[in-house]
Amino acid sequence: MQSSSVDRTLALPRLEGKKNYINWSVVIRKTLIGRGEWKYVDPANPSSKPPENGSDKAIEAFEMNTNKAASFILCACQQDIQRICARLDTASDLWDYLEKT
């Protein structure tokens, strides 16, 4: 079996709230690192913030990347959490909110 086939069969945990946040966050963080998307989530990384005075292309790239990471995070949450968090603008905002609640 090819590696990509195996990857698609792995089940990621769904965030259910505080009761499984720590284990969930470890798995999701490592997965985002492996996907090359953690930099759009990590508040310490400048890539997690919209570019100031950026070109249209830079802003478009930021929006695509932060939305890609945010959608991955949201897909790993229960529906009630998805509804609450869908209004947040960036993957970093989403991660921060989930960590604090």
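How much net charge surrounds Asp93 when only the other residues with a Cβ under 14 Å from the Cβ of Asp93 are counted, with Lys and Arg +1 and Asp and Glu -1?
-2
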Cα→Cβ-extended label distance, 7 Å offset, between Asn23 and Glu63, nm
3.9 nm
Taking the Cα centre of the stretch 15-100 as origin, sum charge times position over the Cβ atoms of Lys and Arg (+1) and Asp and Glu (-1), and report the length of that vector in debye to the nearest 20.
340 debye
Enumerate the amide H contacts of Leu15 below 5 Å, restricted to partners 5 or more residues apart or on another chain; note that Pro and chain-start residues carry no placed amide H.
Cys77, Gln78
Length added when fully stretched, Asp96-Arg14, from 0.36 nm per residue minus Cα-Cα:
27.8 nm
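With the Cα gyration tensor of the stretch 15-100 in hand, convert its eigenvalues to equivalent ellipsoid semi-axes via √(5λ) and list them largest first in whole Å.
Equivalent-ellipsoid dimensions as semi-axes: 23, 13, 10 Å.
How much net charge surrounds Pro51 when only the other residues with a Cβ under 13 Å from the Cβ of Pro51 are counted, with Lys and Arg +1 and Asp and Glu -1? Could the numbers behind the result be given before it?
Values: positive: Lys49, Lys57; negative: Glu52, Asp56, Glu60, Glu63.
Here the charged neighbours net out to -2.
Any read-out appearing in this document is the output of simple, stated calculations on the displayed coordinates, not a laboratory observation. A quick note: this is a predicted structure, and the numbers were derived from the prediction, not measured. No Cβ is skipped: glycine too gets one built from the backbone with ideal geometry, and neighbour counts run over all protein chains shown.
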